[in-house]
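K.L.:
Take this structure first; my questions come after.
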Amino acid sequence: MSRIEDVAKLAGVSTATVSRVLNNTSNVSEDTRQKVMKAIEELDYTPSQFAKALAKKTRNYELGVLTSERIENILNLQKDNYGIKNFYSIMLKGISDSAGENGLNLRFNTFEKTGADFLKTVDALIIIGGDSFTDTIQNSGLPIVLVDNYIPGKLLDCVISNGFDGAYYATEKFIKKGYKRVLHIHGSLNFFGFKNRYEGYCQAMEHYGLLPETLECDETSQNISYITDMAMKKKPDVIFASNDPVAIMILEHLKNKGVSVPQDVQIIGFDDIFFSSVVTPKLSTVKVFKYEMGSVAVNRIVDLLNNKNRHPSTISLFTEFVARETTK
């Protein structure tokens with residue numbers, strides 16, 4: 001199926017010019033109009049209602065962006081402790097930029113404050129994070145795209161990072177280097193992202209005939225210090241943390257205890273937030289493409305508003321290992 005971009009390319013004009021031709025506006029030369037109409041005919045292009053609405057500028061679509069109050073509080077932090085805020089702010093930048101490119105207005109809210117009145121003011125929803133949200137939101141009848149979350153059994157579009165593959169690859173990478181004692185410290189498995197990474201780690205260990213060794217933490221500095229001390233009693237070659245903030249807190253605790261990284265133990269994080277590249281030593285991690293996740297989610301919303309490819313789908317973005325100074 002041809003797109004407005006295809007018509008613009010063939011006619012040698014901008015998409016805005018194609019839109020003006022489609023809506024029969026007067027500020028287009030006859031020569032340009034003929035080029036566009038010829039391209040439309042050659043490509044058998046049928047303009048969508050969404051494209052027409054954007055071209056006419058009669059109204060802009062309103063896109064609701066929902067987070068939990070927990071994430072809202074993180075985003076409002078004056079100081080970004082351990083880079084937790086950075087993960088969500090980059091994702092939101094991807095959403096904001098793509099929304100602007102597609103003529104969508106953004107309206108922000110939290111799950112807890114979103115009721116029927118708010119839902120009446122938006123045309124679609126992007127929902128960020130793994131926190132639970134209400135049936136009122138899910139049953140609103142609006143196009144919905146989840147970002148950084150997947151809910152088993154629910155037919156909802158979602159854009160996620162492939163944490164399973166990223167964790168599997170990182171674990172396998174060090175096993176192949178000869179390190180057999182790779183220990184995984186993770187957050188609550190009630191969150192999809194942590195569970196996905198946990199499963200990738202476990203499968204890699206089991207594939208190579210090794211026993212997975214895991215410890216769960218609650219992402220507070222005091223608890224992670226306690227969990228790290230427990231981990232070190234197992235004499236690991238590598239500690240693989242489920243995200244960068246946890247890895248950075250582990251690194252700080254070990255430095256305070258006089259443990260040398262990576263000489264005594266190697267550390268891997270997950271996400272590649274900004275802080276991972278400025279701590280000492282710099283953190284080796286698995287890069288999640290946060291900006292792209294936000295941008296892709298908006299593109300999917302545009303498809304849904306355009307009644308295009310309506311069947312729900314999961315879009316999974318592969319990760320990338322970033323070697324720095326906490327690994328050998």
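K.L.:
Mind checking whether some residue in segment 115-136 is surrounded by fewer than 16 Cβ atoms within 10 Å (Cβ to Cβ), farther than 19 Å from Y291 by Cβ and in contact with a Ser or Thr (Cβ under 7 Å, 6 or more places away or on another chain)?
P.N.:
Within segment 115-136, one or more residues are surrounded by fewer than 16 Cβ atoms within 10 Å (Cβ to Cβ), farther than 19 Å from Y291 by Cβ and in contact with a Ser or Thr (Cβ under 7 Å, 6 or more places away or on another chain).
K.L.:
Name the residue that is farthest from F270 (Cα to Cα), counting only residues in segment 229-248 that are among the hydrophobic types (A, V, I, L, M, F, W, C) and crowded, with 21+ Cβ neighbours inside 10 Å.
P.N.:
Step one: filter segment 229-248 for residues among the hydrophobic types (A, V, I, L, M, F, W, C), giving 230-232, 238-241, 246-248.
Next cut, crowded, with 21+ Cβ neighbours inside 10 Å only: 231, 238-241, 246-248.
Numbers: A231: 18, V238: 14, I239: 12, F240: 8, A241: 7, V246: 9, A247: 8, I248: 10 Å.
Looking at the filtered set, the residue picked out is A231.
K.L.:
Could you say which residue among K85, K93, K79, K120 is under 14 Å from the mean Cα position of the chain (by Cα) and free of Cβ contacts under 8 Å to residues at least 12 places away in the same chain? Even if it seems obvious, please write down each step before you answer.
P.N.:
Numbers: K93 fails: free of Cβ contacts under 8 Å to residues at least 12 places away in the same chain; K79 fails: under 14 Å from the mean Cα position of the chain (by Cα); K120 fails: under 14 Å from the mean Cα position of the chain (by Cα).
Step by step, each of K85, K93, K79, K120 is checked, and only K85 is under 14 Å from the mean Cα position of the chain (by Cα) and free of Cβ contacts under 8 Å to residues at least 12 places away in the same chain.
K.L.:
Could you look through segment 97-114, keep only residues that are small (G, A, S) and touching a residue at least 24 places away in the same chain (Cβ under 8 Å), and pick out the one that is surrounded by the fewest Cβ atoms within 10 Å (Cβ to Cβ)?
P.N.:
Step one: list which residues in segment 97-114 are small (G, A, S), which gives 98-100, 103.
From the residues that got through so far, the ones that are touching a residue at least 24 places away in the same chain (Cβ under 8 Å) too are 98-99, 103.
Details: S98: 21, A99: 23, G103: 15.
The qualifying residue surrounded by the fewest Cβ atoms within 10 Å (Cβ to Cβ) is G103.
K.L.:
Search segment 87-96 for residues being farther than 15 Å from V296 by Cβ and hydroxyl-bearing (S, T, Y), and hand back the single one that is surrounded by the most Cβ atoms within 10 Å (Cβ to Cβ). Please lay out each step first, then the result.
P.N.:
The initial filter retains those residues of segment 87-96 that are farther than 15 Å from V296 by Cβ, namely 87-89.
Going one step further and asking which of them are hydroxyl-bearing (S, T, Y), we end up with 88-89.
Values: Y88: 20, S89: 16.
Restricting to residues being farther than 15 Å from V296 by Cβ and hydroxyl-bearing (S, T, Y), the top hit is Y88.
K.L.:
Quick one: which of E219, E213 is within 17 Å of I267 (Cβ to Cβ) and at pLDDT below 95? Please lay out each step first, then the result.
P.N.:
Details: E213 fails: at pLDDT below 95.
E219 is the lone residue from the list that is within 17 Å of I267 (Cβ to Cβ) and at pLDDT below 95.
K.L.:
Please name all residue pairs, on different chains or six or more residues apart, with Cβ atoms under 8 Å, provided the first residue is in segment 157-169 and is among the polar types (S, T, N, Q) and the second residue is part of a strand (DSSP E or B).
P.N.:
Listed pairs, sorted by first residue: S161/S316; S161/L317; N162/S316; N162/L317.
K.L.:
If you don't mind, another one. How about segment 236-279: which of its residues are farther than 20 Å from T220 by Cα, assigned to a loop (DSSP other than H, G, I, E, B) and among the β-branched types (V, I, T)?
P.N.:
Scanning segment 236-279 gives V259, V261, V265, V278.
K.L.:
On to the next question. Of everything in segment 283-325 that's within 21 Å of R197 (Cβ to Cβ) and more than 18 Å from the chain's Cα centre (by Cα), which residue is surrounded by the most Cβ atoms within 10 Å (Cβ to Cβ)? So that I can check it myself, show each step before the final result.
P.N.:
Here is the first cut: in segment 283-325, the ones within 21 Å of R197 (Cβ to Cβ) are 283-294, 296-297, 314-324.
From what's left, more than 18 Å from the chain's Cα centre (by Cα): 283-284, 323-324.
Details: L283: 29, S284: 25, A323: 12, R324: 18.
Per the criteria, the residue is L283.
K.L.:
Any residue at all in segment 204-214 that is touching a helix residue (DSSP H, G or I) at 6+ places or on another chain (Cβ under 6 Å), outside any loop (DSSP other than H, G, I, E, B) and not charged (D, E, K, R)?
P.N.:
Yes, segment 204-214 contains a residue that is touching a helix residue (DSSP H, G or I) at 6+ places or on another chain (Cβ under 6 Å), outside any loop (DSSP other than H, G, I, E, B) and not charged (D, E, K, R).
K.L.:
So, one more: Can you tell me which residue is surrounded by the most Cβ atoms within 10 Å (Cβ to Cβ) among those in segment 167-203 that are assigned to a helix (DSSP H, G or I) and touching a Pro at 6+ places or on another chain (Cβ under 7 Å)? Show your work before the answer.
P.N.:
Step one: filter segment 167-203 for residues assigned to a helix (DSSP H, G or I), giving 167-176, 192-203.
With the extra rule that they be touching a Pro at 6+ places or on another chain (Cβ under 7 Å), the set shrinks to 201-202.
Values: Y201: 27, C202: 20.
Top of the filtered list is Y201.
K.L.:
Quick test of your reading of the structure: K176 fulfils all but one of (1) farther than 30 Å from N60 by Cβ; (2) touching a residue at least 12 places away in the same chain (Cβ under 8 Å); (3) of a type in the set (D, E, K, R). Name the failing condition by number.
P.N.:
With (1) farther than 30 Å from N60 by Cβ; (2) touching a residue at least 12 places away in the same chain (Cβ under 8 Å); (3) of a type in the set (D, E, K, R) applied to K176, the lone miss is (2).
K.L.:
Still on this structure: I'd like the full set of residues that are among the small types (G, A, S) and either modelled with pLDDT under 70 or in contact with a Lys or Arg (Cβ under 9 Å, 6 or more places away or on another chain) (or both), limited to segment 14-56. Walk me through it before giving the result.
P.N.:
The initial filter retains those residues of segment 14-56 that are among the small types (G, A, S), namely 14, 16, 19, 26, 29, 39, 48, 51, 53, 55.
The answer is A16, S19, S26, A39, S48, A51, A53, A55.
K.L.:
So is D157 more than 20 Å from P245 (Cβ to Cβ) and buried (at least 16 other Cβ atoms within 10 Å of the Cβ) or not?
P.N.:
Values: more than 20 Å from P245 (Cβ to Cβ): yes; buried (at least 16 other Cβ atoms within 10 Å of the Cβ): yes.
Judged against the criteria, D157 is a match.
K.L.:
Here is a further query. Please state which one of N149, N86 is assigned to a loop (DSSP other than H, G, I, E, B), closer than 21 Å to V288 by Cα and not small (G, A, S).
P.N.:
Working: N86 fails: assigned to a loop (DSSP other than H, G, I, E, B).
Matching residue, one of N149, N86: N149.
The values are calculated or read from the model by the stated rules, or taken from the named source; none is laboratory data. Everything quoted here is computed from the prediction, not taken from an experiment. Every residue, glycine as well, gets a Cβ built from its backbone with ideal geometry; the counts of neighbours run over all protein chains shown.
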